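These notes concern the structure reproduced below.
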Amino acid sequence: MTSVAESPTVAGEACTDDYLSGGWSIRSWLLTVDHKRIAWLYAVSITVFFFFGSAAALLIRLELITPAGDLFSAEEYNRLFSLHGIVMVWFFLIPSIPATLGNFLIPLMVGARDMAFPKLNLLSWYIYSLGGLFTLAAVIAGGVDTGWTFYTPYSTLFSNSAVLAAAVGIFIVGFSSILTGLNFVVTVHTMRAPGLTWMRLPLFVWANYATALIMILATPVLATLLLLVGLERGLGIGIFDPALGGDPLLFQHLFWFYSHPAVYIMILPAMGVISEIISCFSRNPVFGYTGMVISIMAITLFGFVVWGHHMFVSGQSMYAGILFSFFSFLVAVPSAIKTLNWTATLFRGRISFTAPMIYALSFLELFTVGGLTGIFLAALALDVHVHDSYFVTAHFHYIMVGGAVTAYMGGLHFWWPKLTGRMFSRAWASTAAVALLIGLNLTFYPQFLLGYAGMPRRYHSYPDDFAILHVLSSLGAGVLAIGYLLPLIYLSWSLRRGEPAPPNPWDARGLEWQTMSPPPVHNFKETPVVTGGPYEYRE
Amino acid sequence: MNYRSAILCWLALLALLAATLAAAMLGNTALRYTLHLSCAVAMAALVMIVFMRLRSAGQMLRLVAVAGLLWIALLIMLSMADVLTR
Amino acid sequence: MSPGGPMNTESNIPDPTPPADHFDDIEQQQHAGLLGMWVFLLTEVLLFGGLLAAFVICRLRYADAFAGAAEHLDLVLAAVNTALLFTSGLTMVLAELAAGARRRGPTIWWLLATAALGTAFLVLKGVEWYGEYKEQLMPVLGLPFVYPGEEPQLAELFFNLYFVATGLHAAHMLIGLGVLAVMLVLVRGWRRPDRLDRQLRIAGLYWAFIDVVWIFIFTCFYLLRA
Amino acid sequence: MSEPDPKPPAIEDPDLGLQLIPDQASEYAAAVDYLYFALLGVSGLLLALLFGLVVVFAVRFWHGVRRERGPGLAESRERRLEIGFVLPLTLSFLGLFYWATELYVDLYTPADPDITIDVVAKQWMWKVQHPDGTREINTLHVPQGEAVALRITSQDVIHSLWLPAFRLKRDAVPGMYTSAQFTPTQTGTFRLFCAEYCGTDHARMRGKVVVLSRADYQQWLAGGAAGASRAQEGGQLFQRLGCSGCHKPGSSELAPALEGLMGSTTELADGSEVVVDEAYIRDSIIEPQKQLVAGYQPIMPSFSGQVSEEEIMQLISYIQSLGNGGKND
């Protein structure tokens, strides 16, 4: 059992030195180096970007209700889905769990007083905001119509939209995730509490550590690529220009060398959150802790050798395709192990269906569907048919929205008492979780059918025969929108009206629950000494 | 890490530079390229081991140094797997 | 000569600087600082690595054209530049050693020498670029690109990659010179020598990293000739 | 020589109704569907297993149920359970990998086709040309039962030709030839899409594949544009551009003779050998000095920018027709 020197203060006693009551002036927020406040800065900014991206998604679904492209012109539609892609990938999904829950909880979970480089942490947020401003400027200047993939030679030679501004924006925000990754790696390596060995780290810390490694090893290649695209458009230095002998496939190799590990940046922290929630609400230690750690590191390493499965039909050689397909099948095995371990954690437990647990169990369903359809896409012959179709759209939305965003919501609810010192309304939270599950399946399952039936991606208008499935999908999008609006309402309501939360409302194990909620500025009165494993629920 | 080893490393670097330039005069292209590349790797290793004090650094820093080169090799190898067999 | 150990103090040295409040002790802070710098250099290596990968793949596809285009680069100037950079690497290390031995004068002198050599490198690089501009081999901003040999477009692709690589390296040199300038100001102040010693170690790492990058650029672009 | 490109064509979608599994218009399509159903089966099984376990555990181990839970599983049993689950899973994955790769290899190893159709993608239309010169926009007429090979390239950005009924998709990459091959078995009209995002009217760049019986196809060709065959058009272009000035039939002192060139291997100036194929001829037209033939001076000017992709294909067809004993492609 983790023995902690100081005794947690009695719930409800408003002790003055918790990190929120230190002051609400602009200076105390915008110049803070406290990892907990920086987590809130990120939480607010990614929520703003999330609603930009979701608005674009809703408009796309509205347009696609009718086969003819009548709500928007083709130009506007292309700019909408590009905005949706860019904002969701770089400004919401990549920072969502690491920069908010990760920033807040990792120092607490490793028993440290703050991140290794607090000023660098604040700098990361300012770089993120600067990147956001550039991307917003790109949107105001007419938006980008290249999709979030920026394939050349369209993005460099043929598109007449604000590609340069967007490329600069994403180039800058890339450095924010590099510096966050750097901070996580150094913190986990050098600032663990005494007694906290690597194999006693909570899986949330492992997951964010692995994510940080991918951020460090993959994002610089994206920076180089955007630099090359910017130079080609801005200064006419043609690198991928077919007329000069440049190879559009070289762009795709460099792009997907970053972008496939990037999807693991999005899903690995979600896996960490789910391990914590399922273990806590089934009162069981996580099944096969070592297996989970090995799977996380296997996903991190294997994630770098599978990028070619995005290019099976793009003119890549057949032999390279076979090699990448083989690795893509193998990268699915660690995810399968994790799903088995989550399910087995429920065995002989005491399961309670609180809101975070509903999110976790819907993650289990959605991530498994997403993961299995990944196998369809790894199979060469099938990918030839369903590549660039709605099957792919459904696959990655099941994993991104069904996996990463559901886990983010689950984590937000699970640690809300620790973040704010307030409890949220259980009834509303459970309704929102169920609405999310229904909305998600209703939105994206029809898209699997559309994909195999032959509906290509990024189509402004489509043959009339596909109309019924699109209408279903758009209906689902409506339910999904409600599923996301509800938490915004009752969570902000709980900030004022929620009943004060005790230090450990869920009686969970883990260092972050051994201190007050909300925690004091320096997290712990004294650095805790760790004597046991992270999930000792069974004693 | 002291003055003597710093200056010795500097001289070794200049010697390697001279060697790689001398190699440029050779006729056989394959030999020339292998000499150039091995001189480059030797120079880079020298700078990292002596000037960047990897010799006296811990296990972790050496791993980080090697990881960078490993990942570039990974990117080049698998991209070449496509380009060469297209 | 002292082996550069940070802890040997002369007479009038104030007590060692306290660690930042979120660290337990100085060793932990120094270990975190070095690890942080090395991980940052890892990302920089991969930044240039992406560019190097693009070059290697183009070089494999168009071996002859690229080898031919490399003939038009000024090998002599580049060799001198490489020697300059190695020497600046040495002077940087000597500055670190002098700071380790808490000798303010030599630290300042070696830092000035390093900055001077770095500036000389950039000046020579500017001369080289101007030379290429005169020969109309600079396809930037729509400038005319006249290539005497065969396959001018492939040569243009080579020169594009060359200018991006040397431009990015020059940008990193400028950042390096900025870091040196800051270090010079701090060293002149000489307020906390043991802290300065650690900061100089980290600045030295960045400067030596620029040498490593230049070695690979020099070999790939200048030496792999026909 | 090609006439200015026609204004964007109206979209004619074949009216097939909602087919969750598109028509299986070739054996390859049927084989892919078997793989799809097999994967659906495996996934369904795994999902059912997962849901079943979750529901059973949720009911039996709900915190309200007071029954004694018994001890947690020992670490060693956990590991055995994991390995017991992972090994069969990995083996089934490898089996699926082998099956899918086998199909992929069949699709992309070019057996000798009965008919080669050129497909040039341009921003927002597909330009198709048959061997006898017939052109069509956004529609592809193919004979039933014959091995059809498509030679695909693009004039501007990356497009992707998708024929759902044949489970076939290939990118059209500027500066590169990609090929795809299928053997239609079922006559009728099927969908044709551009799958790779290519700009404003990416969604309008779609059309029809019409599979006709062999007789109807010949009859359609005859009825189609009565113009000269693609090889003949290539021949006229060969004269007009002045190629015949150096490449005279029978004489090879100024430039290599082109008779019988296609498919032969020639020695290059730098001593290496190369098999003369479409890509080599295309490169020699665009960058003549890139792979200079041994014993010749680099006097041939580059034609890049003067000839469109279609015209290059016509020249290639003309050179092909010179090569193999006058057989018309």
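The values are calculated or read from the model by the stated rules, or taken from the named source; none is laboratory data. Quantities reported herein were computed from a predicted structural model and do not represent experimental measurements. When we count neighbours, we look across all protein chains shown, and the Cβ atoms used for this are built from the backbone with ideal geometry, even at glycine.
Aliphatic (A, V, I, L, M), in contact (Cβ under 8 Å) with a residue 40 or more places away in the chain and not in a loop (DSSP other than H, G, I, E, B): is that true of A:ILE482 in this structure? For A:ILE482, the condition - aliphatic (A, V, I, L, M), in contact (Cβ under 8 Å) with a residue 40 or more places away in the chain and not in a loop (DSSP other than H, G, I, E, B) - is met. Considering only residues in the stretch D:269-303 that are exposed (fewer than 14 other Cβ atoms within 10 Å of the Cβ) and part of a strand (DSSP E or B), the one that is nearest to the chain's Cα centre (by Cα) turns out to be D:VAL275.
If I go through the stretch C:192-220 residue by residue, how many of them are among the acidic types (Asp, Glu) and facing another protein chain (nearest Cβ under 8 Å)? Lay out the reasoning, then the answer.
Kept after step one, since they are among the acidic types (Asp, Glu), are these residues of the stretch C:192-220: C:194, C:197, C:211.
Narrowing the set further to residues that are facing another protein chain (nearest Cβ under 8 Å) leaves C:211.
Summing the residues that are among the acidic types (Asp, Glu) and facing another protein chain (nearest Cβ under 8 Å) in the stretch C:192-220 gives 1.
In the stretch D:44-70, the residues that are at negative phi and at pLDDT 90 or above form Cβ pairs under 9 Å with partners that are among the acidic types (Asp, Glu) and assigned to a helix (DSSP H, G or I), at six or more places apart or across chains, as follows: D:LEU47/A:GLU365; D:LEU50/A:GLU365; D:PHE51/A:GLU365; D:VAL54/A:GLU365. Of everything listed in (1) in a helix (DSSP H, G or I); (2) under 30 Å from A:HIS387 (Cα atoms), the single unmet condition for A:TRP493 is (2). The number of residues in the stretch B:36-55 being aliphatic (A, V, I, L, M) and facing chain C (nearest Cβ under 7 Å) comes to 7.
Screening A:ALA404, A:ALA427 for residues that are away from chain D (no Cβ under 14 Å), over 20 Å from A:ALA270 (Cα atoms), among the small types (Gly, Ala, Ser) and assigned to a helix (DSSP H, G or I) leaves exactly one candidate, A:ALA427.
Kindly provide the set of residues from the stretch D:52-92 that are assigned to a loop (DSSP other than H, G, I, E, B) and either more than 16 Å from A:THR343 (Cβ to Cβ) or not small (Gly, Ala, Ser) (or both), ordered by number.
Taking the stretch D:52-92 as the starting set, the residues that turn out to be assigned to a loop (DSSP other than H, G, I, E, B) are D:61, D:63-74.
Matches in the stretch D:52-92: D:PHE61, D:HIS63, D:GLY64, D:VAL65, D:ARG66, D:ARG67, D:GLU68, D:ARG69, D:GLY70, D:PRO71, D:LEU73, D:ALA74.
Taking B:CYS39, is it surrounded by 13 or more Cβ atoms within 10 Å (Cβ to Cβ), part of a helix (DSSP H, G or I) and either without any contact (Cβ under 8 Å) to a residue 24 or more places away in the chain or of a type in the set (Ser, Thr, Tyr) (or both)? Answer is yes for this residue. Among all residues of the stretch D:222-234, there is none that is more than 9 Å from chain A (Cβ to nearest Cβ) and closer than 28 Å to D:LEU18 by Cα.
Does the stretch D:308-324 include one or more residues that are under 22 Å from C:ALA65 (Cα atoms) and part of a loop (DSSP other than H, G, I, E, B)? Scanning the stretch D:308-324 turns up no residue that is under 22 Å from C:ALA65 (Cα atoms) and part of a loop (DSSP other than H, G, I, E, B).
In summary, A:PRO194 fulfils each of the numbered conditions (1) within 12 Å of chain C (Cβ to nearest Cβ); (2) modelled with pLDDT of 95 or more; (3) surrounded by fewer than 22 Cβ atoms within 10 Å (Cβ to Cβ) with the single exception of condition (2). Among the residues making up the stretch A:113-168, those that are in a helix (DSSP H, G or I), under 24 Å from the mean Cα position of the chain (by Cα) and of a type in the set (S, T, N, Q) are A:ASN121, A:SER124, A:SER129, A:THR135. Screening C:LEU84 on (1) in a helix (DSSP H, G or I); (2) away from chain A (no Cβ under 11 Å); (3) at pLDDT below 90 shows it passes everything except condition (3).
When you go through D:SER92, D:SER179 one by one, which is the residue that is out of contact with any Ser or Thr (no Cβ under 8 Å at 6 or more places or on another chain), assigned by TED's automatic domain parsing to the domain that holds D:ALA38 and among the polar types (S, T, N, Q)? Don't jump to the end; show me each part of the working.
Values: D:SER179 fails: assigned by TED's automatic domain parsing to the domain that holds D:ALA38.
Among D:SER92, D:SER179, only D:SER92 is out of contact with any Ser or Thr (no Cβ under 8 Å at 6 or more places or on another chain), assigned by TED's automatic domain parsing to the domain that holds D:ALA38 and among the polar types (S, T, N, Q).
May I ask you to list the residues in the stretch B:56-86 that are within 8 Å of another protein chain (Cβ to nearest Cβ) and of a type in the set (D, E, K, R)? Correct list: B:ASP82, B:ARG86. Residues that are among the polar types (S, T, N, Q) and under 15 Å from D:VAL307 (Cα atoms) within the stretch D:271-295 comprise just one, D:SER284.
Taking the criterion of being basic (Lys, Arg) and free of Cβ contacts under 8 Å to residues at least 12 places away in the same chain, the only residue of the stretch A:15-58 that qualifies is A:ARG27. Does A:THR339 satisfy being under 21 Å from the mean Cα position of the chain (by Cα), at the interface with chain D (Cβ under 9 Å from one of its Cβ atoms) and surrounded by fewer than 24 Cβ atoms within 10 Å (Cβ to Cβ)? Considered against the rule, which asks whether it is under 21 Å from the mean Cα position of the chain (by Cα), at the interface with chain D (Cβ under 9 Å from one of its Cβ atoms) and surrounded by fewer than 24 Cβ atoms within 10 Å (Cβ to Cβ), A:THR339 comes out as yes.
Quick check: is even one residue across the stretch A:478-499 in contact with a Pro (Cβ under 9 Å, 6 or more places away or on another chain) and more than 14 Å from chain D (Cβ to nearest Cβ)? Yes, there is a match, as at least one residue in the stretch A:478-499 is in contact with a Pro (Cβ under 9 Å, 6 or more places away or on another chain) and more than 14 Å from chain D (Cβ to nearest Cβ).
Taking the stretch A:197-236 as the range and being assigned to a loop (DSSP other than H, G, I, E, B) and surrounded by fewer than 24 Cβ atoms within 10 Å (Cβ to Cβ) as the test, the residues that pass are A:THR197, A:LEU201, A:LEU235, A:GLY236. Among the residues of this structure, B:ARG53 does not count as one that is outside any helix (DSSP H, G or I), of a type in the set (Lys, Arg), out of contact with any strand residue (DSSP E or B) (no Cβ under 7 Å at 6 or more places or on another chain) and under 22 Å from A:GLY308 (Cβ atoms).
Within the stretch D:53-72, the set of residues being hydrophobic (A, V, I, L, M, F, W, C) and facing chain A (nearest Cβ under 7 Å) comprises D:LEU53, D:VAL54, D:PHE57, D:ALA58, D:PHE61, D:TRP62. With respect to the conditions (1) more than 30 Å from A:GLY349 (Cα to Cα); (2) surrounded by fewer than 23 Cβ atoms within 10 Å (Cβ to Cβ); (3) more than 7 Å from every other protein chain (Cβ to nearest Cβ); (4) β-branched (Val, Ile, Thr), A:ILE265 falls short on a single one, namely (2). Does B:ALA65 satisfy the condition of being part of a helix (DSSP H, G or I), of a type outside the set (Ser, Thr, Tyr) and surrounded by fewer than 18 Cβ atoms within 10 Å (Cβ to Cβ)? The answer is no for B:ALA65. Within the stretch A:68-79, not a single residue is in a loop (DSSP other than H, G, I, E, B), crowded, with 17+ Cβ neighbours inside 10 Å, touching a Ser or Thr at 6+ places or on another chain (Cβ under 7 Å) and among the hydrophobic types (A, V, I, L, M, F, W, C). Given the condition touching a residue at least 40 places away in the same chain (Cβ under 8 Å) and touching a strand residue (DSSP E or B) at 6+ places or on another chain (Cβ under 6 Å), answer yes or no: does some residue in the stretch A:256-278 qualify? Checking the stretch A:256-278: not a single residue is touching a residue at least 40 places away in the same chain (Cβ under 8 Å) and touching a strand residue (DSSP E or B) at 6+ places or on another chain (Cβ under 6 Å). Selection over the stretch D:24-43 of residues that are surrounded by fewer than 19 Cβ atoms within 10 Å (Cβ to Cβ) and closer than 19 Å to D:GLY145 by Cα gives a count of 4. If you go through the stretch D:183-193 and keep only what is touching a Ser or Thr at 6+ places or on another chain (Cβ under 9 Å) and within 7 Å of chain A (Cβ to nearest Cβ), you end up with just D:PHE193.
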